[in-house]
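Colleague: Got a structure for you, written out below as structure tokens; questions coming shortly.
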Amino acid sequence: MRSRLSRISAAAGGRRAAASQSAGRKLSGWFIAVEGGDGAGKSTQIDALTAWLRKRGFDVVTTREPGATVLGAKLREILLHAKDREPVSARAEALLFAADRADHVEKVVRPALERGAIVLTDRHVDSSIAYQSGGRGLDAADIAALSAFATDGLRPDLVILLDVDPAVAWERSQARGDAPDRLEAEPAEFHARVREMFRSRAAAEPSRYIVVDAGEPAGVVTGIIEDRLEKVLPLSAREVAEAEAREKALREAREAEQREQEARLAAERAEAEQEAERRRAEQEERRRAEERRREEERKARERREAEERARLDREKAEQQRRAEADERAAKVREEEDRRQVEADAEQRRQSELAVRQAEARARGQAREQATRELEERAESEARTARLVEAARRLREASASADAADSETTAVLPVTQGPDKPGDNGHYDDDEDDDDDDDVPRSRWRLGNLGKRKS
């Protein structure tokens with residue numbers, strides 16, 4: 001991960017060695033060939049690397065030679081599994097592999113690279129040179145030139161060579177119970193020459209090859225390959241975005257902390273200045289009081305002038321000492337405040353993560369609580385509306401009764417009681433309780449009857 005963050009600018013752009021692809025045909029993807037003898041575990045490692053790369057956010061295309069296209073499947077049958085046909089000569093075999101490779105690159109590899117994918121192929125040019133040159137004895141330069149023509153100069157950016165003793169590879173094949181194909185059935189000397197050609201090509205160009213001891217357990221081999229790829233592959237688009245987001249959040253947090261620190265320091269400076277001004281005012285007041293006292297004492301006791309001057313000198317020295325002590329104490333307090341500020345900042349950083357997690361849980365609970373409260377409020381408002389309607393009807397009935405009574409000479413003063421609401425917020429009347437919950441519990445009392453003046 002450390003190497004990823006340091007390679008955001010260069011790796012995200014997908015830069016690589018100019019020799020990896022033909023001039024004028026730069027492709028945005030990465031082309032990785034997995035090579036090795038039969039039984040080296042290429043399929044197992046390709047599956048593991050595919051899962052790892054896709055987890056990182058890469059578009060991964062897995063393929064193989066021969067057999068990745070319709071034409072390639074037919075050529076694979078002829079080259080490896082057609083036992084009932086006459087043997088294929090070494091040169092014809094090389095040409096058939098080159099034909100498969102040309103069709104494979106044109107239809108599978110190049111389109112995937114053009115859209116920016118990582119292509120993992122099980123065998124490529126190195127297998128042709130190892131088997132047809134190292135194994136069959138053809139000229140390596142001729143096989144390389146034939147493959148270059150077939151691929152239009154396209155070469156893998158990286159070759160992962162799974163190096164394993166042919167005897168170990170044979171034991172693995174036998175353990176799987178697979179019937180050997182035409183190449184796997186070649187004698188041990190043939191596979192030894194193939195292995196030696198693979199290793200010599202890797203030694204001649206170490207910057208393009210990752211050589212791994214395939215005799216190790218599959219998980220160990222996968223870990224070694226992933227560690228090596230981590231150092232050379234660019235970051236995926238998702239990894240670049242995540243790294244940039246983390247960097248932005250960290251930068252904003254630092255800026256916020258710096259602003260908070262500056263504000264705190266400014267407040268402390270202002271407080272210190274106010275304290276200093278207060279002390280200066282107190283000192284000035286003490287000085288004036290002392291001058292008044294000395295003047296009064298001088299007038300009253302001139303005969304003790306010499307003793308008074310000595311005493312004043314001692315007082316001045318003591319004041320100076322206290323001032324110096326206060327200054328030292330202020331410095332000590334400032335140092336303690338600085339340490340406390342640093343400790344508080346560290347504590348805040350430690351608690352921020354816990355706060356964010358608690359906030360996430362609280363937001364979920366708050367949404368559920370808000371939903372319940374809205375439902376309860378809706379029910380309460382509906383009940384309140386029914387109570388208001390009942391009160392309105394009661395007032396209308398009371399108004400009608402008052403209108404009828406006003407035609408007589410008697411006036412019935414009305415007072416509302418009781419004077420204070422009960423604990424439940426209603427005006428309860430124990431002697432005349434209405435069982436209807438939809439009618440307000442306020443009651444009207446008749447006052448003393450009075451007669452209207454004629």
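Colleague: What are the residues whose amide H is under 5 Å from the amide H of T62, where those residues sit 5 or more places off or on another chain and H is modelled from the backbone?
Modeller: Amide H neighbours of T62: L120.
Colleague: Run the reach check for K299 against aspartates and glutamates, Cα to Cα strictly under 17 Å, same-chain hits fewer than 8 apart removed. What comes back?
Modeller: K299 reaches E290, E291, E307, E308.
Colleague: Taking θ as phi - 60°, what are the ³J(HN,Hα) couplings along the stretch 140-149 by the Karplus curve (6.51, -1.76, 1.60), each to the nearest whole Hz, with x for Gly and Pro?
Modeller: 5, 5, 5, 5, 5, 5, 4, 5, 4, 5
Colleague: Quick one: which of 147-160, 341-354 comes out on top by average Cβ neighbours within 10 Å, and what's the full order, highest first?
Modeller: Averaged packing, sorted descending, gives the order 147-160, 341-354.
Colleague: Let me know the whole percent of all Cα-Cα pairs from the stretch 73-169 that are separated by more than 23 Å.
Modeller: Cα-Cα pairs in the stretch 73-169 separated by more than 23 Å: 30 percent.
Colleague: Ok, one more. Place a +1 charge on the Cβ of each Lys and Arg in the stretch 135-226 and a -1 charge on the Cβ of each Asp and Glu, then give the dipole magnitude about the Cα centre in debye, rounded to the nearest 20.
Modeller: Computed charge dipole of the stretch 135-226: roughly 100 debye.
Colleague: Given the pairs K248/K331; K55/K248; K42/K231, which span a C-alpha to C-alpha distance of over 29 angstrom in this model?
Modeller: K248/K331
Colleague: Long-range amide H contacts for F31: which residues qualify at under 5 Å (H placed 1.01 Å from N, peptide plane, sequence gap of 5 or more or a different chain)?
Modeller: V119, D157, L158
Colleague: Would you please give the residues with an amide H less than 5 Å from that of Y209, counting only those at least 5 places away or on a separate chain, with H modeled from the backbone geometry?
Modeller: Those qualifying (amide H under 5 Å, at least 5 residues apart or on another chain) are V159.
Colleague: What number, in percent, do you get for the relative contact order of the stretch 143-215 if the mean sequence gap of Cα pairs under 8 Å and at least 6 apart is divided by its residue count?
Modeller: This gives 55 percent for the stretch 143-215.
Colleague: Follow-up question, since we're still on this one. Of the peptides 116-128, 388-400, how do they stack up when ordered by the mean number of other Cβ atoms within 10 Å, highest first?
Modeller: Descending packing order for the listed peptides: 116-128, 388-400.
Colleague: On a straight-distance basis, which aspartates and glutamates could pair with K107 in a cross-link, Cα separation under 18 angstrom, same-chain partners fewer than 8 positions away excluded?
Modeller: D59, E65, D122, D152
Colleague: Now for a separate question. Can you work out ³J(HN,Hα) from phi for every residue in the stretch 215-227, in order, using Karplus 6.51 cos²θ - 1.76 cosθ + 1.60 and θ = phi - 60°, giving whole Hz and x for Gly and Pro?
Modeller: Couplings: x, 6, x, 4, x, 5, 4, 4, x, 5, 5, 4, 5 Hz.
Taken together, the values in this text are just the output of simple stated rules run on the coordinates, not laboratory data. Source: prediction; values computed, not measured. Backbone-built Cβ (ideal geometry, glycine too); neighbour counts: all protein chains shown.
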